[in-house]
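Trainee: The structure's right below; bear with me while I get my questions together.
The values are calculated or read from the model by the stated rules, or taken from the named source; none is laboratory data. In this text, all values refer to a predicted model and were calculated from it rather than measured experimentally. A quick note on method: Cβ atoms are made from the backbone with ideal geometry, for glycine too, and the neighbour counts reach across all protein chains shown.
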Amino acid sequence: MIKTNLFWNPVIQTLPREKMQELQMRKFQKILKWAYDNSKFHHSLYKNAGIEPGDIKTFQDIKKVPKVEKSMMRSIQAKDPYPYGDMLCVPLDQVTTYRQTSGTTGQPVYQPDTWQDWEWWSESWAYWLYSQEYRKNDRVFMPFGYNIFVAFWAAHYAAEKIGCEVIPGGVMNTEQRLLKMQELHTSAFLATPTYVLGMADTARNNLGIDPRDLNIKRITVAGEPGGSIPGTRKRMEEAWDAKVFDHVGATEIGAWGGECAFQSGLHVNEAFFLVEIEDVDTGEIINEAGRKGKMVITALDRIAQPCIRFDAKDIIEWNKEQCECGSSFRLLEGGVQGRADDITKVKGVLLSPTSIEEVVRSIPELMDEYEVTVTKRGDIDDISIKVELNPEQESNKEAVHQKLTYQLRLKTNLNFNIKYCAAGSLPRWDVKARRFKDLRKKE
Ligand SMILES: [Zn+2]
């Protein structure tokens, strides 16, 4: 059995590049052998590709290791050992927790973890919270449904691990959560960007509380890309008068990326994860800054259901800058810029839904919500956007309209049909928002 080295060791973040790569290589070889020896799925995957764990000696060799996709995980589950199937690397009696993915399409992926995996989850989250200056004197509110999705569960334990006082705000509505935060003088909370904005609305409109008066110092967001979209971040920071930090993770992967107190972009926890960026067309691994590609990621310490060269389909690129915080964990430019699956062609132009959010949220006269619909008229694609104009800006409507039209055209190369809706009339989302609707018939 692999013993995870659960270090709480700030030194690891400042390892020189070569040392970091040595550590990653050592861990990669170990996890590869672990999966090969203990899971039938991985054993036959690697055998069929003609590789043995001992063949992988350099970073160049890693490319030979076949990638794993979500669809492969779905195809083996609901079989023995039930319900995980033969990707499982430990006896069933060592599994201590079940979670499943929350994606909006397809069958959820089941995720088993051992107790050691669970400690690893909270350890990796703790790195981010600590670097965002969460400390023992913080009182942290967790306004999310504690349920079958992993969401902020590991963050809860990470905050406890650092020594914060943690308040589980599970089965409460938004008003109750806000009142409890006010009553207990909480200093921080964690939520999706959509919910951070929604809570601010509820505080103002339903409770007559200005969220800025709640003295929240820091907010960590995850689950949606908003934390790395400048316009969305600005809205959140202004609504709460607090610093907002982005975090990224996934059920099948772990808590792989986060921002530090300097807010210079997402760091990758390279001591726990190996992130490769693959050119979407050529499959080449991109090591230089400034070139976008698809993330292929390995969780170097996860044992029950290993995540080895997982094809995450997140679009990312390396940042050339080194962070002022002194960490050698590399930075990503603009966080997760989108999903390879979400990037779609409209009128022959590649469109990433995050670029639309960037535009809407950067125009202060517009409210937070919007909705995009793509349809087909005959053979021609049609793209419309519904936005809400802030009622106080009614007299500026023409100027706002020009700005929105121009910015959408500039950022997406598309002309949108723009519709204005009454303030508050578009759907509000608590969890993962679905603001982009593609209603074209799939060929
Ligand atoms: Zn940093």
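Trainee: Please enumerate the residues belonging to the range 159-218 that are of a type in the set (Ser, Thr, Tyr), crowded, with 21+ Cβ neighbours inside 10 Å and either free of Cβ contacts under 8 Å to residues at least 60 places away in the same chain or outside any helix (DSSP H, G or I) (or both).
Mentor: Result: Thr186, Ser187, Thr192.
Trainee: If you don't mind, there's one more thing I want to ask. Scanning for something surrounded by fewer than 22 Cβ atoms within 10 Å (Cβ to Cβ) and modelled with pLDDT under 95, does the range 294-307 turn up at least one residue?
Mentor: yes
Trainee: Okay, next question. Which is among the basic types (Lys, Arg), modelled with pLDDT of 90 or more and closer than 30 Å to Phe149 by Cα, of Arg361, Arg339?
Mentor: Exactly one of Arg361, Arg339 is among the basic types (Lys, Arg), modelled with pLDDT of 90 or more and closer than 30 Å to Phe149 by Cα, namely Arg361.
Trainee: Restrict the check to the range 308-319 and report whether at least one residue is within 16 Å of the ligand (Cβ to nearest atom) and closer than 24 Å to Trp256 by Cβ.
Mentor: yes
Trainee: Sticking with this one: For Ser328, which of the numbered conditions (1) within 16 Å of the ligand (Cβ to nearest atom); (2) free of Cβ contacts under 8 Å to residues at least 24 places away in the same chain fails to hold?
Mentor: (2)
Trainee: Residue by residue through the range 336-360, note down the ones that are touching a Lys or Arg at 6+ places or on another chain (Cβ under 6 Å) and closer than 18 Å to Trp429 by Cβ.
Mentor: Arg339 - this is the single residue of the range 336-360 that is touching a Lys or Arg at 6+ places or on another chain (Cβ under 6 Å) and closer than 18 Å to Trp429 by Cβ.
Trainee: I would also like to ask the following. For the list (1) within 16 Å of the ligand (Cβ to nearest atom); (2) closer than 20 Å to Ile277 by Cα; (3) charged (D, E, K, R), I need the number of the one condition that Asp342 fails.
Mentor: (1)
Trainee: Answer yes if at least one residue in the range 267-289 is within 16 Å of the ligand (Cβ to nearest atom), in contact (Cβ under 8 Å) with a residue 12 or more places away in the chain, within 25 Å of Ala433 (Cα to Cα) and not aliphatic (A, V, I, L, M), and no otherwise.
Mentor: Within the range 267-289, one or more residues are within 16 Å of the ligand (Cβ to nearest atom), in contact (Cβ under 8 Å) with a residue 12 or more places away in the chain, within 25 Å of Ala433 (Cα to Cα) and not aliphatic (A, V, I, L, M).
Trainee: Among residues belonging to the range 254-266 that are within 8 Å of the ligand (Cβ to nearest atom) and either within 24 Å of Ile308 (Cα to Cα) or of a type outside the set (Gly, Ala, Ser) (or both), point out the one that is surrounded by the fewest Cβ atoms within 10 Å (Cβ to Cβ).
Mentor: By that ranking, first place goes to Phe262.
Trainee: Find the residue count for the range 90-116, including only residues that are among the acidic types (Asp, Glu) and in contact with a strand residue (DSSP E or B) (Cβ under 8 Å, 6 or more places away or on another chain).
Mentor: Looking only at that region, the number is 1.
Trainee: Turning to a different aspect of this structure: From the list Tyr46, Tyr127, Tyr98, Tyr82, which residue is assigned to a helix (DSSP H, G or I), aromatic (Phe, Trp, Tyr) and modelled with pLDDT of 95 or more? Step through it out loud before you land on a result.
Mentor: Numbers: Tyr127 fails: modelled with pLDDT of 95 or more; Tyr98 fails: assigned to a helix (DSSP H, G or I); Tyr82 fails: assigned to a helix (DSSP H, G or I).
Just a single option satisfies the conditions, and that option is Tyr46.
Trainee: Restricting attention to the range 61-75, and to residues there that are part of a helix (DSSP H, G or I) and at pLDDT 95 or above, which single residue is nearest to Ala312 (Cα to Cα)?
Mentor: By that ranking, first place goes to Ile62.
Trainee: Considering the range 241-253 alone, what residues qualify as being part of a loop (DSSP other than H, G, I, E, B) and either at positive phi or within 15 Å of the ligand (Cβ to nearest atom) (or both)?
Mentor: Asp241 - this is the single residue of the range 241-253 that is part of a loop (DSSP other than H, G, I, E, B) and either at positive phi or within 15 Å of the ligand (Cβ to nearest atom) (or both).
Trainee: A follow-up question, please. Only one of Ser122, Ser131 is within 16 Å of the ligand (Cβ to nearest atom) and crowded, with 21+ Cβ neighbours inside 10 Å; which? Break it down stepwise before answering.
Mentor: Details: Ser122 fails: within 16 Å of the ligand (Cβ to nearest atom).
One residue alone meets the criteria, Ser131.
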